[in-house]
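A.B. asks: Let me begin by handing over the structure; questions about it come next.
Read the figures in this text as sums done on the coordinates, not as results from a lab. Nothing here was measured: the structure is a model prediction, and the numbers come from that model. Positions of Cβ are backbone-derived with ideal geometry, glycine not excepted, and every protein chain shown enters the neighbour counts.
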Amino acid sequence: MNIVDMLLTHAPALTIAIPLLGAFLTPLISRVSEKGRNIFAIIIVGITALFVFLMASEILANGPMTYVFGSTAATVQQSTVIRILFEVDALSIFMAIIGIILSFVAVVYSYAFMEKNTGLDKYYTLLLLMTTGMLGMMLTGDMFNFFVFLEITSIASAALVAFWTNKAKAVEAGFKYIVISTIGALFVLFAIALLYGQYDALNMAKIAQSLGISGFTFIDKIALVLFIAALAMKGGLAPMHMWLPDAYGQAPASISLLLIGATQASLYGLFRIVFTVYGEVISLPAISIGWILVLLGLITMLIGVIMAIIQTDFKRLIGYGAVAELGYMALAVGTGLTIVANADPNITLQTAPFAMKAITGGLFHVINDALDIGLLFLVAGAVYYATKETSLNKLGGLARNMKYTTIFFIIGLLAVSGLPPFNGFASKLLIYESTYQLNPILSIVAILSSILLLAIFVKVLHSVFLGPALPKYETVREVPKSMLLAMAVIAGIIIVFGLFPQVIVTNLVEPAANALVNNSGYLQWLTGGF
Amino acid sequence: MKGMSTIVKTIANIGFPIITIYGLYVIAHGHLTPGGGFQGGAIVASGLALLAVAHGTSWVESKVKEHDLSMLESLGALGFIGLAFLGLLMGGAFFSNFLVDTSMLFGAIPVDGAANINTGGTLPLMNFAVGLKVIAGLFAIVLVMAIATNKEED
């Protein structure tokens, strides 16, 4: 076995292990050199990114990968699967690519952005732990393991949200986040216990198979409701979004970026559980999970944009924009789910081809939202770095001194409101087209939200960057190069995705959508072996 | 926090070694009896907290530094993940128990009904690593909180 094959075999484990190792090495390296530690964190995330892309090329060519911890093969005895498994399919790796891009940009951005802070060894340790948790949630094939990584992500991100402890609001936001996360995680744990009690299994594929055999018992329904409620709460869907603008708004900008990844990991968990774990029974009669998601999505979009209009704090406003964007994903995937989870044999994916389009659009929007909202957060962070101010009423005329930041903001603004030729347009068009066929009102609300997003961010552009030069910001300089580089990386990806959406959709998003809808690939190893 | 009376200090001094030995026992027998690295570590850390309460934080601060504790904590975590990586190198899978069924330490196969401490492969070693991390981590938390309240009183 040559070295590349060996690395590839162990890639799912190493993707988690390397940032974990890096997290615990950080305090030790911090003692030797502060600068060395910052570069070390960048290198660790870079190596992890290499493993993620290595896995991506393998999975897109040859189908799902499984990795057994502690042994070379899982032991399947009667009905139980012994050992923890990582199962990585096209959807998991799609999410992992988003996560690792966000993490890489965040760690590069932190280099200059956090420079003047103290306690940075803890900052980098937590940042790497958060990356570990986020990737773990995306790659794991084990229910309890999912819960553990959910907790790792929650605890690390709550501490990071409250990183600027001298600001009372940051501490409050962190506290709110940890309370919400703990409640959500306990719901998840309870639901896992309900499934474990019935099927004696924690492996997702095994539970899916057992569910298919046993049908859809009352307890399974309770577990499903708990999963959806808890993960929608962690995923920031209205009316359980109240923690999100606080946490996004008060965290350092690099952490807001990573929080997007953590939120989307929870949404991924929601989709994975509904489509894969409950995949065998979701189409049984009297279930309208799809419509619930659609409804949640609509409320989320409307509340997000309406609340964003009245905000006067730069980062909090973007936080509400992020809430609205999350609504699009729930709307689109929910639209697909109304067709997938339909008891009527005449309505299937073949007779209603828009369902597949909706899911593709929804998943494509996951990556686009991460990039667009992420870029806006980085710009807000850059403005804060330069002026120490986040209030929209006090800022003004910054375009004179910060021309690159202004350009990046304009790119983010156009992309987030879905204007061509940026990436937001590609995914939002898919969402409008497909949701229209389910019900025209859905796409009307979606378009209305986009228009409002454009209006909101044009207002921000005007009040922060345009207008007369203010005397107190005369000495403001452009932010350091590493921060510009981080923003440029995201802006570059936004433009590439916007110009060639078809390449991304066929190579990355469609395999992910197929993996989501069709759970037989995920269950294959149970029957087919390794 | 100031130290307490001589009676409390004396009792704490007598109690501390017993608590510590019990905690270390729980860590060492983690693979045989209920408990393990975390539980044993919490017991040892509670013994250390007892000392801190009885003798006062300034006395403890003169003996241990908080950043030394966080370094120990990192070492514990590194030991744990290092063992997992060793499993990858020597056993063919991450976290693989490469020590079991060898003539090395903890390598013996357990016999039914007999609690032999020399079994378990890498499990006891991982318990030691977790124990170290929990002792250092929990004591650092207690110390930091005690120092913070100390400052408020001044």
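A.B. asks: Can you work out D for the range A:109-260 in µm² s⁻¹ from Stokes-Einstein, where Rh is the Kirkwood radius over C-alpha pairs, the temperature is 10 °C and the viscosity is 1.306 mPa s? Could you put the intermediate results ahead of the total?
C.D. replies: On the way: Rh = 16.5 Å.
Using the Kirkwood radius from Cα pairs, D works out to 96 µm²/s.
A.B. asks: Then there is this: Say the cut-off is 21 Å between C-alpha atoms; which of A:Lys169/A:Lys403; B:Lys2/B:Lys63; A:Lys35/A:Lys116; A:Lys169/A:Lys388; A:Lys167/A:Lys394; A:Lys122/B:Lys65 go over it? Please list the in-between numbers first.
C.D. replies: Details: A:Lys169/A:Lys403 31 Å; B:Lys2/B:Lys63 15 Å; A:Lys35/A:Lys116 12 Å; A:Lys169/A:Lys388 16 Å; A:Lys167/A:Lys394 19 Å; A:Lys122/B:Lys65 17 Å.
As for pairs spanning more than 21 Å Cα to Cα, those are A:Lys169/A:Lys403.
A.B. asks: Next up: What's the local net charge at A:Leu194, with K and R +1, D and E -1, over the other residues with C-beta under 11 Å away?
C.D. replies: Values: positive: A:Lys221; negative: A:Asp220.
Around A:Leu194, the surrounding residues sum to 0.
A.B. asks: Oh, and also: In cubic angstrom, how much convex hull volume per residue do the alpha carbon atoms of the range A:267-425 span? Display every interim value, and only then the final one.
C.D. replies: Details: hull volume 17.0 nm³, N = 159.
So the per-residue hull volume is 107 Å³.
A.B. asks: I need the shape label for the range A:437-530. Rule: rounded when a/c is under 1.5, else prolate if a/b > b/c, else oblate, with a, b, c from the alpha carbon gyration tensor. The partial results should precede the final answer.
C.D. replies: Numbers: a/c = 3.62, a/b = 1.81, b/c = 2.00.
It is oblate, given that a/c is not under 1.5 and a/b is not larger than b/c.
A.B. asks: Report relative contact order for chain A in percent, whole number only (criteria: Cα-Cα under 8 Å, sequence separation at least 6). Provide the component values of the computation, followed by the final result.
C.D. replies: On the way: 914 pairs, mean separation 80.4, N = 530.
Computed over chain A, the figure is 15 percent.
A.B. asks: What is the average number of partner chain Cβ atoms found within 10 Å of a Cβ in A:7-15? Mind showing how you got there, number by number?
C.D. replies: Numbers: counts 0, 0, 2, 4, 0, 1, 7, 3, 0.
Per-residue shielding by partner chains comes out at 2.
A.B. asks: Against the globular-protein guess of 2.2 N^0.38 Å, express the Cα radius of gyration of the protein assembly as shown as a ratio, rounded to two decimals. Intermediate results must be reported in sequence, preceding the final value.
C.D. replies: Working: Rg = 26.1 Å, N = 684, 2.2 N^0.38 = 26.3 Å.
It is 0.99.
A.B. asks: Rounded to a whole number, what is D in µm²/s for the range B:1-112 from Stokes-Einstein with the Kirkwood radius over alpha-carbon pairs (25 °C, 0.890 mPa s)? The partial results should precede the final answer.
C.D. replies: Numbers: Rh = 16.7 Å.
Here the translational diffusion coefficient equals 147 µm²/s.
A.B. asks: What is the Cα centroid distance between the range A:9-43 and the range A:453-472, reported in whole angstrom?
C.D. replies: Comparing the Cα centres of the range A:9-43 and the range A:453-472, I get a distance of 40 Å.
A.B. asks: Related question: Assuming 1.567 mPa s and 4 °C, estimate D for the range A:477-519 with Stokes-Einstein, Rh taken as the Kirkwood radius over Cα pairs, in µm²/s. Don't skip to the end; give the middle numbers.
C.D. replies: Working: Rh = 12.5 Å.
This corresponds to a translational diffusion coefficient of 104 µm²/s.
A.B. asks: Considering every pair of different Cα atoms, what Kirkwood radius, in Å, is found for the range A:273-357? The partial results should precede the final answer.
C.D. replies: Working: mean 1/r = 0.0716 Å⁻¹.
Mean inverse Cα-Cα distance, inverted, gives 14.0 Å.
A.B. asks: Additional query: Using 0.36 nm times the number of residues separating A:Ser520 and A:Leu54, minus their current alpha carbon distance, what extension gain do you get?
C.D. replies: Numbers: separation 466, 0.36 × 466 = 167.76 nm, distance 2.39 nm.
The A:Ser520-A:Leu54 span can extend by a further 165.4 nm.
A.B. asks: Multiply the residue separation of A:Ala469 and A:Leu485 by 0.36 nm, subtract the distance between their alpha-carbon atoms, and state the gained length in nm to one decimal. Show your work: numbers first, answer last.
C.D. replies: Numbers: separation 16, 0.36 × 16 = 5.76 nm, distance 2.60 nm.
Length gained, A:Ala469 through A:Leu485: 3.2 nm.
A.B. asks: Of B:Met71, B:Ile14, B:Phe106, whose Cα points farthest to the positive end of the dipole of the range B:6-153 (charges on the beta-carbon: +1 Lys, Arg; -1 Asp, Glu; origin at the Cα centre)?
C.D. replies: Selected residue: B:Ile14.
A.B. asks: For chain A, what does the helix formula give at 222 nm: sum of -39500 (n - 2.57) over DSSP H segments with n ≥ 4, over the residue count, nearest 500 deg cm²/dmol?
C.D. replies: Working: 20 runs with 387 residues, N = 530.
Calculated from helices alone, the mean residue ellipticity at 222 nm is -25000 deg cm²/dmol.
A.B. asks: Here is a further query. Only sites in a loop by DSSP and with at most 14 other Cβ atoms within 10 Å count here; which trypsin sites (Lys or Arg not before Pro) in the range A:292-359 make the cut? Write out the running numbers ahead of the final one.
C.D. replies: Numbers: sites: A:Lys315, A:Arg316, A:Lys357; in loops: none.
Hits after loop and neighbour filter: nothing returned.
A.B. asks: Let me ask something else. From largest to smallest, what semi-axes in whole angstrom does the range A:234-287 give when each is the square root of 5 times an eigenvalue of its alpha carbon gyration tensor? Numbers along the way, then the final one.
C.D. replies: Numbers: eigenvalues 184, 32, 4 Å².
Semi-axis lengths for the range A:234-287 are 30, 13, 4 Å.
A.B. asks: Rank these for me by crowding, A:Met233, A:Met483, going from fewest to most other beta carbons within 10 Å. Mind dumping the intermediate values first?
C.D. replies: Working: A:Met233 22, A:Met483 26.
By the 10 Å Cβ count, ascending, the order reads A:Met233, A:Met483.
A.B. asks: Per residue Cα convex hull volume for the range B:69-154, in cubic angstrom?
C.D. replies: Numbers: hull volume 9.0 nm³, N = 86.
For the range B:69-154, the hull spanned by Cα atoms encloses 104 Å³ per residue.
A.B. asks: Need the full-extension length gain, A:Gln502 to A:Asp200, defined as separation in residues times 0.36 nm minus the C-alpha distance. One decimal, nm. Before the final figure, lay out each step's value.
C.D. replies: Values: separation 302, 0.36 × 302 = 108.72 nm, distance 4.34 nm.
Between A:Gln502 and A:Asp200, full extension yields 104.4 nm more.
A.B. asks: A further question follows. Please grab the % of Cα pairs in the range A:351-453 that end up more than 25 Å from each other. Write down the numbers at each step before the final one.
C.D. replies: On the way: 1702 of 5253 pairs.
Percentage above 25 Å: 32.
A.B. asks: Turning to a different aspect of this structure: Just report the Cα centroid separation between the range B:103-154 and the range B:1-55, whole Å.
C.D. replies: Their Cα centres are 13 Å away from one another.
A.B. asks: Something else about it: Would you mind pulling out the separation of the Cα centroids of the range A:176-194 and the range A:97-155, in Å?
C.D. replies: 19 Å
A.B. asks: With axes computed from alpha carbons, what is the tilt in degrees of helix B:37-55 against the longest principal axis of chain B, rounded to the nearest 10 within 0 to 90?
C.D. replies: 20 degrees
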